[in-house]
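Structure, as C-alpha cells:
The values are calculated or read from the model by the stated rules, or taken from the named source; none is laboratory data. In this text the structure is predicted, and so the values were computed from the model without any measurement. Ideal geometry is used to build each Cβ from the backbone, glycine not excepted, and the neighbour counts take in all protein chains shown.
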Amino acid sequence: MASYISYTCTVLTLLLIFCVQSEAKLSSKFYDSTCPNALTKIRTVIRTAISRDRRMAASLIRLHFHDCFVQGCDASILLNDSCTITSEKNAAPNMNSVRGYRVIDNAKSQVEKICPGAVSCADILAVAARDASVYVGGPSWTVKLGRRDSTTANLSLANTQLPGFGDSLDTLISLFSTKGLSARDMVALSGAHTIGQAQCFTFRTRIYSDASDINAGFATTRKRKCPAYAGNATLAPLDLVTPTSFDNNYFKNLIKKKGLLASDQVLFSGGCTDSIVDEYSKNRTKFESDFAAAMIKMGDISPLTGSKGQIRKLCYAVN
Ligand code: HEM
Ligand SMILES: *[C@@H]1O[C@H](CO)[C@@H](O)[C@H](O)[C@H]1NC(C)=O
Ligand SMILES: *[C@@H]1O[C@H](CO)[C@@H](O)[C@H](O)[C@H]1NC(C)=O
Ligand SMILES: *[C@@H]1O[C@H](CO)[C@@H](O)[C@H](O)[C@H]1NC(C)=O
Ligand SMILES: *[C@@H]1O[C@H](CO)[C@@H](O)[C@H](O)[C@H]1NC(C)=O
C-alpha cells in the first residue's frame, strides 16, 4: 500500500512538473501535433506579401518588436479600438507608421481555415518576422512557439515603453534593459534598420542640426526631400546603401556618420556601444548571428502561456 501511494505520488509529481514546464516554456514544436502545416501556411502568405511590396519585410519585423515591448509578445498591438479596448495602433510610435496589420490578419485567416482556434496571433507575428528576415537575405532562426493572445491592450505603455528617434544612448539602454535585453542586444536589434524607411519628421532635427556627428554631404542629400517646414511624411531609407537587403551596411553607415535617425547615430558617437558597432561593421556573420539570438530573446518577453490569455479567432478583436 505504502509503495503504491509513493508510486502514485511520484507519477503525480512528475505530471505536475511536466505540466508546469509545458505551461511556462515556449517550444519550437508547439504546433507539431495541433497544426503541423501552420508554419508553411504563414510563410506562403508572408512571401506573397513581400513579393508585392518589399518594404513589407521591414514592416513585419518592426511589428513584432512593437508588439513585444508592450505587455510582452501577446499580439496586443493588433487589437482595434472597441468598447473594451483602447488600441495601441493609435500610440505615437505606431500611428501612421506601423504597417503590416492586414498581412497578419490574412495569415491568421489562412491558418484558421486549416486549424481553427489553434494558432495564436502572437506566434504568427514571431514567425512572420523570421520569414521576413529570410526573404530579404537576413538570418534565419528557429522560432519558439506557444504564446497566447492578450485580451487587453495598453496605449499608455505603447507611448512610454517603445524607444523614440530622439532618445539618448542611456535611455535606449535602459528601455531595453527593462525588457531583459542587454546593450549588445539593443545594438544588434537596431541593425533591423538595415531595411525599411523612415518619415522626414523623424530625422529632420538631425539633418538640420549641423552637428559634428553627421556627414555633411549625407545631410545635404537628405534635406532635398525633407524640407525644414514641409514634407513630414516623405520617406527616406534607414540604410542608404542597400535599403531593401538585410546586411551590415547599417553599421558601416554609422561609422561614416550616416545614420538616419539620431537614435541610430548615438550607437556610434563616443559612447559605450562604439566597439559593438565597429565589430558588426566588420563582421556581417557576427552581426547576423547576434541579431538572430536577440530576436529569439525579444520573442521571449513575457509571453502568455498555459491558460492565460486566449487564441483569438481574429487578430484585431478579442473573442
Ligand atoms: C533602438 C531603438 C529604436 C528606435 C528609436 C526606432 C525608431 C524607429 C523609427 C522612428 C522608425 C521610422 C518610423 C516612421 O518614420 O514611420 C523606425 C523604423 C523601423 N524600425 Fe525601428 N527603432 C528602434 C529599434 C528597432 C528594433 C529593435 C527593430 C526590430 C528588431 C526595429 C525595426 C524597424 C524597421 C524594420 C523599420 C522600418 C519599418 C518600415 O519601413 O515599415 N527598430 N524605427
Ligand atoms: C482595424 O483597424 C485598422 C487600423 O485602425 C483598420 O484599417 C481596419 O479596417 C480595422 N479592422 C476592422 C475589421 O475593423
Ligand atoms: C496600462 O499599464 C499601466 C502600467 O502597468 C497600468 O497602470 C494601467 O492600468 C494599464 N492600462 C490598461 C488600460 O490596462
Ligand atoms: C510636422 O511634424 C512636426 C514635428 O513632429 C510637427 O510639429 C508639425 O505640426 C507637423 N506638420 C504638419 C503639417 O503636420
Ligand atoms: C566573424 O565572426 C564569426 C562568428 O563569431 C567568427 O567565427 C569569425 O572569425 C569572425 N571573422 C572575423 C574576420 O573576425
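Out of (1) without any contact (Cβ under 8 Å) to a residue 12 or more places away in the chain; (2) hydroxyl-bearing (Ser, Thr, Tyr); (3) surrounded by 15 or more Cβ atoms within 10 Å (Cβ to Cβ), the odd one out for SER87 is which? For SER87, the failing item is (1). What is the number of the single condition among (1) part of a loop (DSSP other than H, G, I, E, B); (2) at pLDDT 95 or above that VAL241 does not meet? Of (1) part of a loop (DSSP other than H, G, I, E, B); (2) at pLDDT 95 or above, only one is false for VAL241: (2). The numbered conditions (1) loosely packed, with under 15 Cβ neighbours inside 10 Å; (2) in a helix (DSSP H, G or I); (3) in contact (Cβ under 8 Å) with a residue 12 or more places away in the chain are all true for ALA219 except (1).
For segment 236-254, state whether one or more residues are at negative phi, among the basic types (Lys, Arg), assigned by TED's automatic domain parsing to the domain that holds ALA122 and more than 16 Å from ligand 3 (Cβ to nearest atom). Checking segment 236-254: not a single residue is at negative phi, among the basic types (Lys, Arg), assigned by TED's automatic domain parsing to the domain that holds ALA122 and more than 16 Å from ligand 3 (Cβ to nearest atom).
Take the conditions (1) more than 16 Å from ligand 4 (Cβ to nearest atom); (2) free of Cβ contacts under 8 Å to residues at least 12 places away in the same chain; (3) not in a helix (DSSP H, G or I); ALA230 misses just one of them, which is (1).
Pairs are defined by a Cβ separation below 9 Å, a sequence spacing of at least 6 or placement on different chains, a first member in segment 90-110 that is within 12 Å of ILE46 (Cα to Cα) and free of Cβ contacts under 8 Å to residues at least 40 places away in the same chain, and a second member that is of a type in the set (A, V, I, L, M, F, W, C) and away from ligand 5 (no atom under 16 Å from the Cβ); the pairs so defined are ARG102/ALA49. Quick check on segment 268-283. Is at least one of its residues touching a helix residue (DSSP H, G or I) at 6+ places or on another chain (Cβ under 8 Å), free of Cβ contacts under 8 Å to residues at least 40 places away in the same chain and buried (at least 21 other Cβ atoms within 10 Å of the Cβ)? Yes, segment 268-283 contains at least one residue that is touching a helix residue (DSSP H, G or I) at 6+ places or on another chain (Cβ under 8 Å), free of Cβ contacts under 8 Å to residues at least 40 places away in the same chain and buried (at least 21 other Cβ atoms within 10 Å of the Cβ). Listed here are the helices (runs of 4 or more DSSP H) enclosed by segment 16-127 that have at least 1 residues being within 15 Å of ligand 2 (Cβ to nearest atom): 55-68, 101-114. Sub-8 Å Cβ pairs linking a first residue in segment 299-319 that is on the phi > 0 side of the Ramachandran plot to a second residue that is modelled with pLDDT of 95 or more and within 16 Å of ligand 3 (Cβ to nearest atom), at least 6 apart or interchain, are SER302/GLN71; SER302/GLY72; SER302/ASP74; GLY309/ASP74; GLY309/ASP149; GLY309/SER150; GLY309/THR151, ordered by first then second residue. Of ARG184, ARG204, all but one fail to be away from ligand 5 (no atom under 16 Å from the Cβ) and assigned to a helix (DSSP H, G or I); the exception is ARG204.
Acidic (Asp, Glu) and more than 16 Å from ligand 4 (Cβ to nearest atom): is that true of ASP167 in this structure? The answer is no for ASP167.
Under the condition of being of a type in the set (S, T, N, Q) and outside any helix (DSSP H, G or I), which residue from segment 247-286 is nearest to the chain's Cα centre (by Cα)? Going through the qualifying residues, I end up with ASN248. Could you say whether any residue in segment 118-129 is within 16 Å of ligand 3 (Cβ to nearest atom) and among the small types (Gly, Ala, Ser)? Checked segment 118-129: no residue is within 16 Å of ligand 3 (Cβ to nearest atom) and among the small types (Gly, Ala, Ser). Within segment 167-179, the presence of a residue that is small (Gly, Ala, Ser), closer than 25 Å to LEU39 by Cβ, away from ligand 3 (no atom under 16 Å from the Cβ) and in a helix (DSSP H, G or I) is excluded.
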